[in-house]
Amino acid sequence: MQNEPGENTELEEAGNTEAVKSPVSTDKGRLEKGPDHVPTLEEVEAVIGNLMDMGETKGLVAENAERTIRNKIVDEKGLYNFEVQVPAPDPSEKVDYGYRRFAASGQPEIHIAFYVDGVPMSGHLVATCVDGEWKYV
């Protein structure tokens, strides 16, 4: 595949004009292909809101819990990382919802983590975005 005129790649600099764009390498050494659909902040917040409502029903999240944004990273492609913490019914417990654009599955995911006195106790996958559609796990 030919590069567009004026497009510069490392292979082109080495004299190879048949360069193929490859996935971007992450800091962990894994290949990051990227999802077809990158969820917006509003979309992720809506999914986390739905998860909080489900958690409230199951007694995992305190009623009318206020969200505390712990981390938000946005890059040139959009929302990369987003973490929200909410109180659990027991004041010594907290619940974290964490969004990652590039999870191990290669798709955007939201995980839940449970903390007691600031110590992580457990967690698991709660939602994944496949082809632009969120699926609750």
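The values are calculated or read from the model by the stated rules, or taken from the named source; none is laboratory data. Treat the numbers as computed from the prediction; the structure is a model and nothing was measured. Note that we place each Cβ from the backbone using ideal geometry, even for glycine, and neighbour counts take in every protein chain shown.
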Checklist entry - Does Pro5 satisfy being modelled with pLDDT of 55 or more and either under 24 Å from the mean Cα position of the chain (by Cα) or farther than 15 Å from Ala127 by Cβ (or both)? => result no
Checklist entry - Going by the conditions given, is Asp117 under 16 Å from Val44 (Cβ atoms) and of a type in the set (Asp, Glu)? => result no
Checklist entry - Within the stretch 124-131, can one find any residue that is surrounded by fewer than 17 Cβ atoms within 10 Å (Cβ to Cβ) and in contact with a strand residue (DSSP E or B) (Cβ under 6 Å, 6 or more places away or on another chain)? => result yes
Checklist entry - Applying the selection to the stretch 85-116, what residues are on the phi > 0 side of the Ramachandran plot and free of Cβ contacts under 8 Å to residues at least 24 places away in the same chain? => result none
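Mind listing just one residue for me: the one in the stretch 77-91 that is closer than 13 Å to Glu109 by Cβ and of a type outside the set (Ser, Thr, Tyr) and, of those, surrounded by the fewest Cβ atoms within 10 Å (Cβ to Cβ)? Steps first, please.
Pass one, the stretch 77-91, residues closer than 13 Å to Glu109 by Cβ: 79-83.
Adding the requirement that they be of a type outside the set (Ser, Thr, Tyr) leaves 79, 81-83.
Working: Leu79: 21, Asn81: 14, Phe82: 22, Glu83: 19.
Among residues in the stretch 77-91 that are closer than 13 Å to Glu109 by Cβ and of a type outside the set (Ser, Thr, Tyr), the one surrounded by the fewest Cβ atoms within 10 Å (Cβ to Cβ) is Asn81.
Matching residues to (1) over 16 Å from Leu60 (Cα atoms); (2) at pLDDT 95 or above:
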site: Pro91; (1), (2): no, no
site: Gly98; (1), (2): no, yes
site: Phe102; (1), (2): yes, no
site: Gly106; (1), (2): yes, no
site: His111; (1), (2): no, yes
site: Val116; (1), (2): no, yes
site: Val119; (1), (2): yes, yes
site: Gly132; (1), (2): yes, no
